Amino acid sequence: MKTDFNELEKTLLKKAEEFGESGIIIANHEGKTVLSTCFGPVDREEGTKEKVSAKSRYLMPIDCSSMLALCAFILIDAGKMRLSDKLSRFIPEFEHANRITIRQLLAGKSGIRDFYFGEVIRKLEDDEDYSALSEIERRKKDMSLYLKDYSFETVLKLIEGKPLEHEPGTSGDYSTTERFFLREIVERASGVFIEEFVDRNIFQKLGMDETRIGIAYGALPLYTCYRNREYLRFDTENTDSRFFTTTAGDLEKLMLGIFKHRVFSEKLWKTATKTDNENQGLGFTSINGTILFFTEFECFETATFYFDEENDFCYLKATSCDSKYIMEGDNKFRSFPREMRMEMEPLFTVPKNTRMVPYGEKNWRQATSLEIRPDQREFVSGALDTIAYAAAHKNHKLFVEMEGERAVGLLELSIDRKKGDFNIETVIIDHRYQARGFGRFMLRFAVDYLKNAGAKRLTIGVNRFNIPARRLYKSVGFNEDCVYEEGVLMTQNLE
């Protein structure tokens, strides 16, 4: 399957303009850069005309959770740490250290109280001067407090005597405190400060020659988006927080270094990227079967890396500005990161490890996100309507078509054995995955399933003008029986 990356670039640039995005996207397939495109202004200040370029520099936190996870994996590979180690091995002074493991800390499931939101911000709410500020000024105050380089001793003191929020390993409620604990463990286990460890074991090792530690000069200014309306600039010049600045080219080196197991071992990669029911791994997350790794700056991701291991495909988005989203209806919103990912995911997705699974708690989110083409809406119900209709009828069954860990289609069947009534109600293949063989696979499954359930003869109605659907049904054994003004009745004998 040939991919037109020129057309893809045009699509992405158009979407970036629609959402007001700034940054760069780089895609790599089989070790070769196949796409590199910049978009948006370098600064959100009114009147700025300079555009982002391939040489633009991005400001990143050196001690964000994901970067610290890389450090932990390096130490594990070196035999200086184990996932099963209790925190008491490194931080014996913490009162709950013997109840929490390194694995739970990396997974964001330690239960340690959040010192920033649970203590610093909570106490600030009782401050009269703070309460007298406008919403915008309070948000700016929060941002400046977040940028403080809290010492581990300060963090530990703030949560001293506090119980754990939950039993370790039972919940995925991320705590800001976990980052400071992980940083302290890396420094104690390695014997050097985090800056030296990262520089030696990641930046230098991967040849990231354009990356600088602790220097914010020349980097794109950072902006967060307040309530999806207003951009607020971070004051990064008057802070002691731990940063590094880098270019898109060096970020691609980091992406490939992780993907090709040059930072830490393939064995640990498999462990770290194995996600739970909440799509959380160890320093990694998963969405639609794509593995994500990101450098996080307070409330937004400054660089996000996407890994499609099966197709040897990875891509990144770097930005200095939080993303806005567009609301469409009560519960649906559009964002540039999501739409970018939805354009990227189908590029190399073809039937390889295809299976049909019952609709349920593990796939409902993906299933509800399936989309049909606008010109098909007069012929077939959308995913949400199909799911709602099936839920209201006890004899209806729903199946999700999965390609690996990615949902590509939805099937609705009705089965009434007492009446001998067996029907294929709805067939949905997401428009991004059509004309690749997924529909044929789904229909063959449907025919076999209904036959095994007792069906002797199947009928299915299709809009007369839905020519692709008629061809598809014919390819799996259906014949056109009756033609009406608007519809065609197709049948298949199973005896």
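The values are calculated or read from the model by the stated rules, or taken from the named source; none is laboratory data. Predicted model only: the values in this text are computed from it and were never measured. With ideal geometry, Cβ positions are generated from the backbone for all residues, glycine too; neighbour counts draw on all protein chains shown.
Data table
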| quantity | calculated |
| --- | --- |
| Residue count, segment 110-140 (criterion: of a type in the set (D, E, K, R) and surrounded by 14 or more Cβ atoms within 10 Å (Cβ to Cβ)) | 6 |
| Flag for Lys253 being charged (D, E, K, R) and surrounded by fewer than 18 Cβ atoms within 10 Å (Cβ to Cβ) | no |
| Elements of type strands (runs of 3 or more DSSP E) in segment 1-114, at least 1 residues being in contact (Cβ under 8 Å) with a residue 24 or more places away in the chain, among the aromatic types (Phe, Trp, Tyr) and in contact with a helix residue (DSSP H, G or I) (Cβ under 8 Å, 6 or more places away or on another chain) | 32-39, 57-61 |
| Hey, Ile24 under 26 Å from the mean Cα position of the chain (by Cα) and either at pLDDT 95 or above or buried (at least 19 other Cβ atoms within 10 Å of the Cβ) (or both) or not | yes |
| Close pairs from segment 168-192: first without any contact (Cβ under 8 Å) to a residue 60 or more places away in the chain, partner hydrophobic (A, V, I, L, M, F, W, C) and in a helix (DSSP H, G or I), Cβ under 7 Å, at least 6 apart | Glu187/Ile194 |
| Single residue of Phe259, Phe264, Phe297, Phe293 found to be surrounded by 20 or more Cβ atoms within 10 Å (Cβ to Cβ), in the same structural domain as Phe73 (by TED's automatic domain parsing) and more than 20 Å from the chain's Cα centre (by Cα) | Phe264 |
| Residue within segment 452-468 that is without any contact (Cβ under 8 Å) to a residue 12 or more places away in the chain, of a type in the set (A, V, I, L, M, F, W, C) and assigned to a strand (DSSP E or B) present | no |
| Every residue from segment 449-463 that is charged (D, E, K, R) and loosely packed, with under 14 Cβ neighbours inside 10 Å | Lys456, Arg457 |
| Flag for Asp448 being over 17 Å from Leu370 (Cα atoms), charged (D, E, K, R), in a helix (DSSP H, G or I) and without any contact (Cβ under 8 Å) to a residue 60 or more places away in the chain | yes |
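Here's the yes/no breakdown for (1) modelled with pLDDT under 95; (2) surrounded by 14 or more Cβ atoms within 10 Å (Cβ to Cβ); (3) over 29 Å from the mean Cα position of the chain (by Cα); (4) among the aliphatic types (A, V, I, L, M):
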| position | (1), (2), (3), (4) |
| --- | --- |
| Glu46 | yes, no, yes, no |
| Lys49 | yes, no, yes, no |
| Gly79 | no, no, yes, no |
| Pro92 | no, no, yes, no |
| Ile100 | no, yes, no, yes |
| Gly108 | yes, yes, no, no |
| Asp142 | yes, yes, no, no |
